[in-house]
Structure formats: C-alpha cells, structure tokens
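Taking it in order: structure first as structure tokens, then the write-up.
The values are calculated or read from the model by the stated rules, or taken from the named source; none is laboratory data. Keep in mind it's a predicted model, so treat the numbers as computed, not measured. No Cβ is skipped: glycine too gets one built from the backbone with ideal geometry, and neighbour counts run over all protein chains shown.
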Amino acid sequence: MYNTVLEAQKIGLEKIHHNQKAKNVHHSVHSFIENSKFKGRFIHSTGHSIGLAVHDGGNISSESNLILKENMVFTVEPGIYIPGFGGVRIEDDIRVTKDGFEFLTKSSREILEIN
C-alpha cells in the first residue's frame with residue numbers, strides 16, 4: 001500500500017509545473033491508484049493550496065479549474081484507506097516552479113508504521 005501511494009505521489013509530482021491544470025495532476029494520481037489493487041480506495045483530493053490559511057482556496061482535485069502558476073504552494077498528498085484496516089497517506093508541501101516544483105518538506109520518505 002505504501003509503495004502504491006509513493007508511486008502515485010511521484011506520478012502527480014511529475015505533472016506539476018507552471019500553467020498545468022490542477023485537475024490533470026489529480027487525474028494522473030487517481031488513475032494510477034484506480035488501476036492498482038486499491039481501486040476505489042483514494043477518497044479525497046490530491047492536494048490543496050497553502051497560504052495565510054492552510055486551506056486558503058485552491059485545490060488539486062477532479063473539480064478544480066485552477067491553473068498552477070509559478071510560486072504557488074500546495075500539498076501533494078495521495079492516500080489509500082481500507083475500512084476496518086487503516087491506510088497510508090504521504091503528504092509533502094511543494095512550490096510550483098516554471099519547469100516543475102521544489103520540495104518544501106524536508107522529512108524522510110521512509111515508511112513509518114504506527115501500531
């Protein structure tokens with residue numbers, strides 16, 4: 001499950017750049033998870049903007065009409081959730097750049113299991 005979420009996040013990050021449609025980023029993440037054994041288990045948006053308030057308006061979702069612009073800051077946080085079992089979410093903060101993105105999150109990507 002962790003490896004699927006990690007790969008989904010990498011796929012979404014590869015789509016991020018100035019003038020990209022936010023819904024295209026979400027679609028790439030959602031499509032990857034839907035084509036895995038975890039079909040139907042990605043139940044939220046791929047990310048949201050970060051500004052003066054944590055959720056200050058924009059999001060990376062199937063409903064978004066937002067066009068990503070250089071220096072916008074977002075979370076990229078795909079997840080898979082299985083009722084009665086648990087789930088995995090990998091969340092990183094990024095800044096959109098002309099040609100891609102810059103990680104703002106500095107934490108490790110090693111799996112952390114909490115019992």
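If you go through the stretch 47-57 one residue at a time, do you hit one that is modelled with pLDDT of 95 or more, in contact with a strand residue (DSSP E or B) (Cβ under 9 Å, 6 or more places away or on another chain) and of a type outside the set (Gly, Ala, Ser)?
Checked the stretch 47-57: no residue is modelled with pLDDT of 95 or more, in contact with a strand residue (DSSP E or B) (Cβ under 9 Å, 6 or more places away or on another chain) and of a type outside the set (Gly, Ala, Ser).
How many residues are over 15 Å from Gly12 (Cβ atoms) and more than 14 Å from the chain's Cα centre (by Cα) when one looks only at the stretch 22-54?
Residues in the stretch 22-54 being over 15 Å from Gly12 (Cβ atoms) and more than 14 Å from the chain's Cα centre (by Cα): 9 in total.
I'd like the full set of residues that are under 16 Å from Asp92 (Cβ atoms) and either without any contact (Cβ under 8 Å) to a residue 12 or more places away in the chain or part of a strand (DSSP E or B) (or both), limited to the stretch 37-54.
Passing the criteria: Gly47, His48, Ser49, Val54.
Being more than 15 Å from Phe74 (Cβ to Cβ), in contact with a helix residue (DSSP H, G or I) (Cβ under 8 Å, 6 or more places away or on another chain) and free of Cβ contacts under 8 Å to residues at least 40 places away in the same chain is the filter here; which residues of the stretch 3-36 pass it?
Answer for the stretch 3-36, where residues must be more than 15 Å from Phe74 (Cβ to Cβ), in contact with a helix residue (DSSP H, G or I) (Cβ under 8 Å, 6 or more places away or on another chain) and free of Cβ contacts under 8 Å to residues at least 40 places away in the same chain: Glu7, Ile11, Phe32, Ser36.
How many residues does the stretch 23-51 hold that are out of contact with any Ser or Thr (no Cβ under 9 Å at 6 or more places or on another chain) and of a type in the set (Phe, Trp, Tyr)? Talk me through it step by step, then tell me what you get.
First pass over the stretch 23-51, keeping only residues out of contact with any Ser or Thr (no Cβ under 9 Å at 6 or more places or on another chain): 24, 31, 34-35, 39-43, 51.
Now narrow it down to the ones that are of a type in the set (Phe, Trp, Tyr): 42.
The number of residues fulfilling the criteria is 1.
Quick check: is even one residue across the stretch 69-87 closer than 18 Å to Ser107 by Cα and assigned to a loop (DSSP other than H, G, I, E, B)?
Looking for residues that are closer than 18 Å to Ser107 by Cα and assigned to a loop (DSSP other than H, G, I, E, B), one finds at least one in the stretch 69-87, hence yes.
Out of all the residues in the stretch 21-35, is one or more assigned to a strand (DSSP E or B) and modelled with pLDDT under 95?
no
Considering only the stretch 65-115, state which residues are in contact (Cβ under 8 Å) with a residue 60 or more places away in the chain and more than 20 Å from Leu6 (Cβ to Cβ).
Those that are in contact (Cβ under 8 Å) with a residue 60 or more places away in the chain and more than 20 Å from Leu6 (Cβ to Cβ): Val96, Thr97, Lys98, Asp99.
Every residue, every condition in (1) among the aromatic types (Phe, Trp, Tyr); (2) closer than 20 Å to Gln20 by Cα, yes or no:
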site: Phe32; (1), (2): yes, yes
site: Phe42; (1), (2): yes, no
site: Thr75; (1), (2): no, yes
site: Ile80; (1), (2): no, no
site: Pro83; (1), (2): no, no
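It is to be established whether one or more residues within the stretch 50-65 are in contact with a Leu (Cβ under 8 Å, 6 or more places away or on another chain) and of a type outside the set (A, V, I, L, M, F, W, C).
yes
Is the stretch 99-108 home to any residue that is among the small types (Gly, Ala, Ser), surrounded by 12 or more Cβ atoms within 10 Å (Cβ to Cβ) and not in a loop (DSSP other than H, G, I, E, B)?
Restricting attention to the stretch 99-108, the residues satisfying the condition of being among the small types (Gly, Ala, Ser) are 100, 107-108.
Filter once more, keeping what is surrounded by 12 or more Cβ atoms within 10 Å (Cβ to Cβ): 100.
Okay, now just the ones that are also not in a loop (DSSP other than H, G, I, E, B), so none.
No - not one qualifying residue is present in the stretch 99-108.
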